[in-house]
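**Student:** Just dropping this structure here.
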Amino acid sequence: MSARPMRNPLLQALAQIGGCGLFLLTLLAAIPRSFKHFRETVRQLWFVGAMSLVIIMVCGLFVGLVLALQLYYVLQIFGGTAASGMVVALAIYRELGPVVTALLFAGRAGTSITAEIGLMRATDQIAAMEMMAVDPVAYVGTPRFLAGLIAMPLLCCVFCAMGILGGHLVGVTWLGIDNGTFWSNMTAAVNLHTDIVNGILLKSLAFGAAVSLIAVYQGFTTPPTSEGVAYATTRTVVASSIAILALDFVLTAFLM
Amino acid sequence: MSQRPSYAVGTGLFILLGFAALVYLATQTTSVANVHRGASYTVTTHFADVGQLKERSPVKVAGVRVGQVQSIALDPASAQADVVLAIDKNFNKIPDDSVVTIFTSGLLGDQYIGIDYGSSKKVVGDGGTLALSRSSQPLEAMLGKFLGSGGAADNLGGTYAVSARFTNVGSLSAGAPVKMAGVAIGSVQSVEADPVKLDAKVTLAIDKRYNHIPNDSSAAVFTSGLIGGQYVAIQPGGSPDNLKNDDELILTQSAMQLEDLIGKFLVNGSSSGDKSGSASGTPSPTPPTGKK
């Protein structure tokens, strides 16, 4: 799968994107075959999802805390601190929740997927699987891809809930915004369809697909050396971050 | 395979937690929410206009929260808003002639309900009604009162028309008040450009009660306040003859444009050199800041 070294960086980037797209088709085509390895998917879900919970929850809490704090000081100027709850919720649901969760997910789970698959390649485990007539894409690739796809929206929900909790903690408990005002403004402004379904679920699903695809692809195309694994891991983070932010803009433009 | 149950259970827990978070977000932070909890009793009030009042908005007595708005519904028969307040059981001594008012906290703040205690000995109970209510004041109405030119005259006894020509009427429009000594005596009937004389012809409808206005009175277009509406002010002259229907006011003073005023102010200091400011009778508090 590794190509001959190309000098032109533009061509290189194009080849990366093209290879990634083709690889996505391979992954999707392997979904029916990966049902045999359902247990592997569950194990990956545990690894990329459940094991990421702590970092997601802590980060969500702090994002909510700092957002409410910043908003309070700005809105105080206009006497509009009552709107804090609403702005915290909208900012987290529409942007911060999916994006920060995806960035954290890329750093926490994406890198380890790339490194794991890359090392499998470097130590010829992938080749061994092929020798044993086990499809490496169906056994290694697709379960990780599916796990990322499932885990991202769930993690994003947890992130958002923790963010709201953090905002409530600072806004109501600490700074003394009225509890009812906090919630009533929020419930009046947050729309189930645009904010929860479009904002959280669709966006994080797209981000989950992008991050897992990049991570698995980078793993499978790792040059089989220790330097190559390091390089691929770095590229996973860089490419994922760019993909997330670019995708976020496109999705926002289309969904809002 | 001995390891399997641990991660399977953990994964199940993770998925459950994720869905629990989703359910929490969907039900508690969206419009799906609005379920009240805690020991309280309900009181109904009616408002002609609830403005931006929302469910779960606070209910306050003397600025202290005693409950929240439970529901807002329109009574189709009377076109009034029925507002149900859920008030904490601890505050059960609210007189039944208390006045319920919708307040706004700050200029941009949220609206809440304030209860001013009445003097009745009877307290309002669960399911009771507080009949005395003051609706929310739309910002436009308040601003209108504050900045508006006091409204036009009531024109009870019919009007007579007087015209006046201005080189510039600013943003004067039909319906603007006509004032004498600051009191509205009529309204502007029409504002139109004269195609020949190239100025603005303003027709004023003045109440017939005010038929002793000297016919050499002057008309001026003034602005009430910095951003207020414009009106026509009549300054009485000294002629023994009075204005009659279809007369024309010869002496007029056009609207001052803000740009002109600022221009005058700026040019005043820099152009007239040594005798700046004080000569024209308008003291300039600040020295000219520089050439334009």
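**Student:** Counting only protein heavy atoms and using a 1.4 Å probe, what share of the accessible area of the protein assembly as shown belongs to carbon plus sulfur, as a whole percent?
**Tutor:** Using a 1.4 Å probe with all protein chains present, the protein assembly as shown comes out at 64 percent carbon and sulfur.
**Student:** What is the sum of charges, Lys and Arg at +1 and Asp and Glu at -1, for the other residues whose Cβ falls under 13 Å from the Cβ of A:K203?
**Tutor:** -2
**Student:** Here's something else I'd like to know. Can you grab the distance from the C-alpha centre of the stretch A:195-229 to the C-alpha centre of the stretch A:109-162, Å, no decimals?
**Tutor:** 10 Å
**Student:** Using θ = phi - 60° and the Karplus curve 6.51 cos²θ - 1.76 cosθ + 1.60, what whole-Hz ³J(HN,Hα) does each residue of the stretch B:182-192 get, with Gly and Pro shown as x?
**Tutor:** x, 9, 5, 10, x, 9, 7, 8, 8, 10, 9
**Student:** Now, a different point. Run the paramagnetic zone check for A:W174: 7 angstrom along Cα to Cβ, then residues of the stretch A:37-66 with backbone nitrogen under 18 Å.
**Tutor:** Only A:57-66 fall inside the zone, counting backbone N under 18 Å.
**Student:** What distance in nm separates the two pseudo spin-label positions at A:L192 and A:T234, each 7 Å out from Cα along the beta-carbon direction?
**Tutor:** With each label point 7 Å from Cα toward Cβ, the separation is 4.9 nm.
**Student:** I would also like to ask the following. Assign unit charges at the C-beta atoms only (+1 for Lys and Arg, -1 for Asp and Glu), then state the dipole size of the stretch B:40-137 relative to its Cα centre in Debye, rounded to the nearest 20.
**Tutor:** 300 debye
**Student:** Please work out, to two decimal places, the log10 of the ratio I(q)/I(0) at q = 0.14, 0.21, 0.25 Å⁻¹ from a Debye calculation in which every Cα of the stretch B:40-137 carries one identical scatterer.
**Tutor:** -0.44, -1.03, -1.45
**Student:** Another question, if that's okay. In nm, to one decimal, how far is the modelled label at A:A128 from the one at B:K201, with both set 7 Å along Cα→Cβ?
**Tutor:** 10.3 nm
**Student:** Okay, moving on. Determine the calculated [θ] at 222 nm for chain A from helices alone, applying -39500 (n - 2.57) to every DSSP H run no shorter than 4 residues and normalising by the residue count; nearest 500 deg cm²/dmol.
**Tutor:** -23500 deg cm²/dmol
**Student:** What number results when the radius of gyration of chain A, computed over Cα atoms, is divided by 2.2 N^0.38 Å?
**Tutor:** 1.14
**Student:** A further question follows. In debye, nearest 20, what is the charge dipole magnitude of the protein assembly as shown about its Cα centre with +1 on Lys and Arg Cβ and -1 on Asp and Glu Cβ, if you could check?
**Tutor:** Roughly 1560 debye for the protein assembly as shown.
**Student:** Taking beta carbons within 10 Å but only from partner chains, what does the mean come to for residues A:46-53?
**Tutor:** So the per-residue partner count for this stretch is 5.
**Student:** Where Rh denotes the Kirkwood radius from the mean inverse Cα pair distance, what is Rg over Rh for the protein assembly as shown?
**Tutor:** 1.20
**Student:** Let me ask something else. Where Lys and Arg each count +1 and Asp and Glu each count -1, what net charge lies around A:Q125 among other residues with Cβ under 15 Å from its Cβ?
**Tutor:** Combined, the nearby Lys, Arg, Asp and Glu give -3.
**Student:** Residues of the stretch A:58-106 that become at least 10 Å² less accessible with every protein chain present than in their own chain isolated, using 1.4 Å: which are they?
**Tutor:** A:F78, A:G79, A:G80, A:A82, A:Y93
**Student:** Then there's this: Check which residues have an amide H placed less than 5 Å from B:V124's amide H, if you skip close sequence neighbours.
**Tutor:** Result for B:V124 returns B:I94, B:D96.
**Student:** Would you please put A:218-225, A:26-33, A:160-167 in order of how densely packed they are, using the mean number of other Cβ atoms within 10 angstrom per residue and starting with the highest?
**Tutor:** A:160-167, A:218-225, A:26-33
**Student:** Taking every residue in A:155-167, how many Cβ atoms of other protein chains lie within 10 Å of its Cβ, on average?
**Tutor:** Counting Cβ atoms of other protein chains within 10 Å of each residue's Cβ and averaging gives 4.
**Student:** Between B:D194 and B:A79, what is the label-point separation in nm under the 7 Å Cα-to-beta-carbon projection?
**Tutor:** Calculated label separation equals 4.5 nm.
**Student:** Could you tell me the total accessible area buried at the A-B interface, probe 1.4 Å, in square angstrom to the nearest hundred?
**Tutor:** So the total buried area for this chain pair works out to about 2800 Å².
**Student:** Find which of A:I244, A:I177, B:P177 sits farthest along the positive direction of the dipole of the protein assembly as shown, computed with +1 on the beta-carbon of Lys and Arg, -1 on that of Asp and Glu, about the Cα centre.
**Tutor:** A:I244
**Student:** Against the longest alpha carbon principal axis of chain A, how many degrees, from 0 to 90 and to the nearest 10, is the axis of helix A:226-255 turned?
**Tutor:** So the helix axis and the longest Cα principal axis differ by about 50 degrees.
**Student:** While we're looking at this one, here's another question. Please list the non-local residues whose amide H lies under 5 Å from the amide H of A:V134, H modeled 1.01 Å from N, same-chain partners needing a gap of 5 or more.
**Tutor:** Amide H neighbours of A:V134: none.
**Student:** Within the stretch A:147-166, whose backbone N sits under 13 Å from a point 7 Å along Cα→Cβ of B:D88?
**Tutor:** none
**Student:** Right, another one. Which of B:F222, B:A200, B:N245 sits farthest toward the positive end of the charge dipole of the stretch B:148-253, with +1 on the Cβ of Lys and Arg and -1 on the Cβ of Asp and Glu?
**Tutor:** Positive-end residue among those listed: B:F222.
**Student:** Is there a quick way to get the dipole size of the stretch B:187-255? I mean about its Cα centre, with the Cβ of Lys and Arg at +1 and of Asp and Glu at -1; what is the value in debye to the nearest 20?
**Tutor:** 200 debye
**Student:** Can you tell me the accessible area per residue over the protein assembly as shown, all protein chains present, probe 1.4 angstrom, in square angstrom?
**Tutor:** 51 Å²
**Student:** Once amide H atoms are placed 1.01 Å from N in the peptide plane, what residues at a sequence separation of 5 or more from B:K60, or on another chain, have their amide H within under 5 Å of its amide H?
**Tutor:** Residues meeting the criterion, in which the H sits 1.01 Å from N, are B:V66, B:I113, B:G114, B:I115.
**Student:** Roughly what % of DSSP beta bridges within the stretch B:40-137 run antiparallel, to the nearest 5?
**Tutor:** Beta bridges within the stretch B:40-137, antiparallel portion: roughly 75 percent.
**Student:** Among A:G64, B:A81, A:A209, which residue has its Cα furthest toward the positive end of the charge dipole of the protein assembly as shown, with +1 on Lys/Arg Cβ and -1 on Asp/Glu Cβ?
**Tutor:** A:A209
The values are calculated or read from the model by the stated rules, or taken from the named source; none is laboratory data. Being a predicted model, the structure only gives us computed values, none of them experimental. Cβ coordinates were reconstructed from backbone atoms using ideal geometry, including for glycine residues, and neighbour counts include every protein chain displayed. These area figures cover heavy atoms from the full protein model, side chains too; ligands, DNA and RNA do not enter into them. Shrake-Rupley method; radii C 1.70, N 1.55, O 1.52, S 1.80 Å.
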